Amino acid sequence: MGSDKALVEVDGEPMVERVARTLNLVCDDLLVVGRDGFLGGVPCIPDDHPGRLGPAAGVATALRVAAGRPVLVVAVDQPFLRIETLRYLASMEQTTVPRDDVLQITCALFTSEVLGAITAAVDDRVPLWKVVREKARIVDESEWRSWGEDGRSWFSVDTPASLVEGLKLFG
């Protein structure tokens, strides 16, 4: 997008702040993984696995820091989150990942039981979705639609065109 996506504004609010505001309705503690300092008022920590790009490294870091607590993972470029989806995911007792055309690993709940498998995947440079498909409860479209989700919670704003599309679709 030519700038830091987390700071791109959606309706006058940086995406990271918009995501954090929605997550705060469900979560007590927020943390951005992969940075240092603060971003939009949210504390940040560097990734435990420098140079290992991708969601698996960030999820492994978050699970380590959570010390046994489940981690609700949302990417900073998903500004159209639905509170109902976050509540549903947060209520699960096992790693739970929605699926439409693909596994939505950046809008999911991860539990400590998968930390070892995810850490091994990071070390072996295996994509997170490969661990998830074997270890997680997968929520198919009929189920996520039943709580009112329409795909907006994992709609990623990656380009100026996708921001326009997201605003058109989800307001």
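Where a number appears in this text, it was derived from the coordinates with a stated rule and is not lab data. If you're wondering where the values come from, they're calculated on a predicted model, not measured in any experiment. Cβ placement follows ideal geometry from the backbone for every residue including glycine, while neighbour counts extend to all protein chains displayed.
For the chain, the pair-distance distribution built from all alpha carbon pairs, in bins 5 Å wide starting at 0, is 1, 9, 18, 22, 22, 17, 9, 2, 0 percent. What is the local net charge at P46, summed over the other residues whose Cβ is closer than 10 Å to its Cβ (Lys, Arg +1; Asp, Glu -1)? Its environment carries a net charge of -2.
Taken one residue at a time, the phi angles of the range 89-103 give Karplus couplings (6.51, -1.76, 1.60, θ = phi - 60°) of 4, 5, 7, 6, 9, 9, 3, 9, 9, x, 9, 10, 6, 9, 6 Hz. Gly and Pro are set to x. Of all DSSP bridge pairs formed entirely within the chain, close to 70 percent run antiparallel.
Once you order the gyration tensor axes a ≥ b ≥ c over the Cα atoms, which shape class does the range 115-171 get: rounded for a/c under 1.5, otherwise prolate or oblate by comparing a/b with b/c? It comes out oblate by the Cα gyration axes. Averaging the sequence gap over all C-alpha pairs within less than 8 Å and six or more residues apart, then dividing by the number of residues, gives the chain a relative contact order of 23 percent. Backbone geometry of the range 14-22 corresponds, through the Karplus equation with coefficients 6.51, -1.76 and 1.60 at θ = phi - 60°, to 3J(HN,Hα) couplings of x, 3, 4, 6, 5, 5, 4, 4, 5 Hz, x marking Gly and Pro.
Going by a ≥ b ≥ c, the root eigenvalues of the Cα gyration tensor, does the range 1-85 fall in the rounded group (a/c under 1.5), the prolate group (a/b larger than b/c) or the oblate group? Cα axes put the range 1-85 in the oblate bin.
Working note: Karplus 6.51/-1.76/1.60 with θ = phi - 60° gives the range 63-76 the couplings 5, 4, 5, 5, 6, x, 7, x, 10, 8, 9, 9, 6, 5 Hz, where Gly and Pro are set to x. Within 12 Å, Cβ to Cβ, of R64, how many net charges do the neighbouring residues add up to if Lys/Arg are +1 and Asp/Glu are -1? That works out to -1. The modelled label-to-label distance between V164 and N24, using points 7 Å beyond Cα along the C-beta direction, is 3.2 nm.
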